[in-house]
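Heads up: the structure comes next, in structure tokens.
The values are calculated or read from the model by the stated rules, or taken from the named source; none is laboratory data. In this text the structure is predicted, and so the values were computed from the model without any measurement. Ideal geometry is used to build each Cβ from the backbone, glycine not excepted, and the neighbour counts take in all protein chains shown.
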Amino acid sequence: MLQGDRGSATVWTAGAIAAVLAVAGLLFSLGSAVVTRHRATDAADLAALAAAGRAQEGTSAACAQARSVVKQMAARLVSCRFEEWDALVEVEAEAPSGLGTASAHARAGPVTRRTAAAGQNGGAATEDGRSPSRAERSAQPSAG
């Protein structure tokens, strides 16, 4: 064995370990960004639902509920507004590794019971808005 090659395996091993650590760091950063994006979208969805659920109490009460939900999900409510009865929210979440922020938008609003039931049954709905039972559907005269 030549004297000049002595210790070269150690250098190659150290280089390989550094490369593996660099790839692991990049994968961790990518995973952190994906998790942050999901956290932002989840917070926006829940905040929109919370605001829509309180729409009858007024915009300020509804948006306060949305802000509370967003805060519990470690995000920040950027905007909360209503278009008719639909709540529209925008949320931002900070990535834990300091890679930036992820933002998300969501919309939620009421669905009238009669419209929802009619859509599921080809237009049929009972007077109280619920879907007719199988017995009620079979008792109805057919259109043929």
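Numbers for the structure displayed
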{"item": "Close pairs (6 angstrom Cβ cut-off, 6 or more residues apart or separate chains): more than 16 Å from residue 110 (Cα to Cα) in segment 53-68, surrounded by 13 or more Cβ atoms within 10 Å (Cβ to Cβ) and charged (D, E, K, R) anywhere", "result": "61/54; 65/54"}
{"item": "Of all residues in segment 77-109 being part of a loop (DSSP other than H, G, I, E, B) and in contact with a Gly (Cβ under 9 Å, 6 or more places away or on another chain), the one that is surrounded by the fewest Cβ atoms within 10 Å (Cβ to Cβ)", "result": "84"}
{"item": "Check on residue 45, touching a strand residue (DSSP E or B) at 6+ places or on another chain (Cβ under 8 Å), crowded, with 16+ Cβ neighbours inside 10 Å and of a type in the set (D, E, K, R)", "result": "yes"}
{"item": "Among (1) part of a helix (DSSP H, G or I); (2) touching a Lys or Arg at 6+ places or on another chain (Cβ under 7 Å); (3) buried (at least 16 other Cβ atoms within 10 Å of the Cβ) - the single one residue 61 does not satisfy", "result": "(3)"}
{"item": "Residue in segment 19-28 that is loosely packed, with under 13 Cβ neighbours inside 10 Å, within 23 Å of residue 95 (Cβ to Cβ) and touching a residue at least 12 places away in the same chain (Cβ under 8 Å) present", "result": "yes"}
{"item": "Of the criteria (1) under 10 Å from residue 107 (Cα atoms); (2) hydrophobic (A, V, I, L, M, F, W, C); (3) within 15 Å of the chain's Cα centre (by Cα), which one residue 50 fails", "result": "(1)"}
{"item": "Some residue of segment 64-76 being surrounded by 15 or more Cβ atoms within 10 Å (Cβ to Cβ), of a type in the set (Ser, Thr, Tyr) and modelled with pLDDT of 90 or more", "result": "no"}
{"item": "Qualifying residues in segment 39-58 (those that are part of a helix (DSSP H, G or I) and of a type in the set (D, E, K, R)) - the one nearest to residue 102 (Cα to Cα)", "result": "39"}
